[in-house]
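Heads up, the thing below is written out as structure tokens.
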Amino acid sequence: MAKTQSLRAEPVIQQILAGEYRDFGPTPALGFNGGTPGPLLKVRQGEELAVTFQNRSGADSSVHWHGIRIYNAMDGVPGLTQEPVADGEDFEYRFVAPDAGTFWYHSHSRSWEQVAKGLYGPLIVEEATPPDVDADIIVMIDDWRLGEDAAFIDDFGAMFQFAHGGRLGNYAKAMPSQSTVRQGDRVRLRLINTSNARIFPIDITGIDGKLVALDGMPLTQVEDFGKIMMAPAQRADIIADVVEDIQFSFQTREGDYGLGTILAEGMNPSKRSSAISPLPPSGIMPPSGEANRREVLRMQGGAMGGRHAGDDIWSFNGISDLQDEPWLKIDRGTSVLMTLVNDTSFPHGIHLHGQHFFEIEADGSVGPLRDTSLVDPGESRDIYCVFDNPGKWLLHCHMLGHAATGMRTWVEVI
Ligand code: C2O
Ligand code: CU
């Protein structure tokens, strides 16, 4: 029996501004089932999820299940894996979630506008034996560009933003799924950066713990952490003991920006003393020996790049946007070592649909499994992927305005 759920995309009125800005009032936004973020979708690893997507958003839309190694036809990419779902229409998504971890779903149609306005939500796939914690807390982090009336500033699609860092907000916050914990609780925090373009270097105080997963994928060893650098769409899971109020913030040029707090109220009388251990492994095999193929993906363009062909500002290897033919045709099971080269003046978070890849560290050692890799200007990074999921898969920058203006391509696994 599949787990069933419906997701209705629709206009919503949401109180986004909080704290001292709350009085500016609520924001007309887009959401699922009456709010943004949309409802928590939760399945067990290996369980099938059936979602009736009801598009009442007022425009074409679709849903992408970010990070799930999904059947290609369910991947939610209009023009590549399905027709766009017209306003007023429904679409049945049905898939098995093969990996446990922290994922999210979001619109994949005009995502630079629809995701910015709120069409996203958390998707959690539970381990067969979840780690022993007192609270499992989802912390979505976003930023919004709002005017004094609390409405979105209507400059969606502005080329000057897309040509630079993307559409950055002027207000940011964390949205923890619960607002209190107890001192001494052991908690799992699932951070998800849902912003269009902002890289959050997240600082968390009030806890003593370990980083246990990135992009939904367990780390082989738990790690100490300081600032957690999170590009758009990236996730990080932490398991930690609560020492005092948990405060989230990030550093901006003007200083520390508070993203929110989970209050520590009361005391857990049975605080754990056990060490924090790694999550059960994903089963995705790390590289052993040479890859079957080597490829280079060069990010080019932007305000400084001098490439301005129509709306396309950005490119991969000099080619903007999706062509009729895939960039790569890959035989199923082939391992590819891909060098992501950032020849632009801005950072990019490169996301591959349908499979996870290992980041390879500068010294050649095998880094974390991810689905989105942040590459700074002038830098390059090798990633290693065994393409074993057949279908047509998008490969794009998750700074959504960059993808909309050329920084996307696709590969076909046959
Ligand atoms: Cu999170 Cu192509 O998407
Ligand atoms: Cu980009």
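None of the figures in this text is laboratory data; all of them are computed from the coordinates on show. Being a predicted model, the structure only gives us computed values, none of them experimental. With ideal geometry, Cβ positions are generated from the backbone for all residues, glycine too; neighbour counts draw on all protein chains shown.
Enumerate the calculated ³J(HN,Hα) couplings along the stretch 192-204 in order (Karplus 6.51 cos²θ - 1.76 cosθ + 1.60, θ = phi - 60°), each rounded to whole Hz, writing x wherever the residue is Gly or Pro.
Coupling constants for the stretch 192-204: 9, 8, 9, 6, 5, 8, 7, 8, 9, x, 7, 10, 10 Hz.
Just 366, 341, 77 to compare: in a GNM of the chain, with alpha carbon springs under 10 Å, which one fluctuates most?
Maximum among the listed residues: 366.
Run lengths n ≥ 4 of DSSP H only: what is the helix-derived mean residue ellipticity at 222 nm for the chain, with -39500 (n - 2.57) per run over all residues, to the nearest 500?
For the chain, the value works out to -500 deg cm²/dmol.
Taking K and R as +1 and D and E as -1, what net charge do the other residues with C-beta under 15 Å from the C-beta of residue 361 add up to?
Computed value for this residue: -4.
Quick one: if the Förster radius is 35 Å, what FRET efficiency do residue 179 and residue 153 give, using the C-beta to C-beta distance and rounding to 0.05?
The computed FRET efficiency comes out at 0.75.
Could you state the number of Å between the C-alpha centres of the stretch 387-414 and the stretch 328-354?
Result: 9 Å between the Cα centres.
Report ³J(HN,Hα) in whole Hz for each residue of the stretch 252-266, in order, from the Karplus equation J = 6.51 cos²θ - 1.76 cosθ + 1.60 where θ = phi - 60°; Gly and Pro get x.
Once θ is set to phi - 60°, the couplings for the stretch 252-266 become 10, 4, 8, x, 6, 10, x, 9, x, 9, 10, 6, 8, 10, x Hz.
Residue-wise, which Karplus ³J(HN,Hα) couplings in Hz belong to the stretch 123-140, taking 6.51 cos²θ - 1.76 cosθ + 1.60, θ = phi - 60°, and x for glycine or proline?
The phi angles translate into 10, 10, 10, 7, 4, 4, 10, x, x, 7, 9, 7, 8, 10, 10, 8, 10, 7 Hz.
Under 11 Å from the Cβ of residue 168, count the other residues' Cβ atoms, weight Lys and Arg +1, Asp and Glu -1, and hand me the total.
Neighbourhood net charge equals +2.
Can you give me the long-range amide H partners of residue 182? Hydrogens built in the peptide plane at 1.01 Å from N, cutoff under 5 Å, separation of 5 or more residues or another chain.
265
Using only the alpha carbons of the chain, determine the length spanned along each of the three principal axes and report them from longest to shortest in whole angstroms.
Result, largest extent first: 61, 54, 49 Å.
Could you tell me which trypsin sites (Lys or Arg not before Pro) in the stretch 1-99 are loop residues by DSSP with no more than 16 other beta carbons within 10 angstrom of their beta carbon?
56
Calculate the spin-label point distance for residue 379 paired with residue 92, positioning each point 7 Å from the Cα along the beta-carbon direction, and give it in nanometres.
4.5 nm
If one computes the Cα centroid of the stretch 211-282 and of the stretch 174-202, what distance in Å separates the two points?
If you average the Cα positions of each part, the centres end up 7 Å apart.
If I build a Gaussian network model for the chain, linking alpha-carbon pairs within less than 10 angstrom, which residue out of 121, 79, 34 has the largest mean-square fluctuation?
79
If each residue of separation counts as 0.36 nm, what is the full-extension length gain between residue 325 and residue 4 once their alpha-carbon separation is subtracted?
Taking residue 325 through residue 4 to full extension adds about 112.0 nm, to one decimal.
Can you count the Lys pairs in the chain whose Cα atoms are under 21 Å apart, with each pair 8 or more apart or on different chains?
Taking the chain as the scope, the lysine pair count is 6.
Taking only the alpha carbons of the stretch 293-413, what extent do you get along each of the three principal axes, in Å, biggest first?
Result for the stretch 293-413: principal-axis Cα extents of 38, 34, 21 Å.
So what are the radius of gyration and Dmax for the Cα set of the stretch 159-267, in Å?
14.8, 51
With Cβ to Cβ distances under 15 Å as the rule, what net charge do the other residues near residue 239 carry (K, R +1; D, E -1)?
Counting the neighbours of residue 239, the net charge comes to -4.
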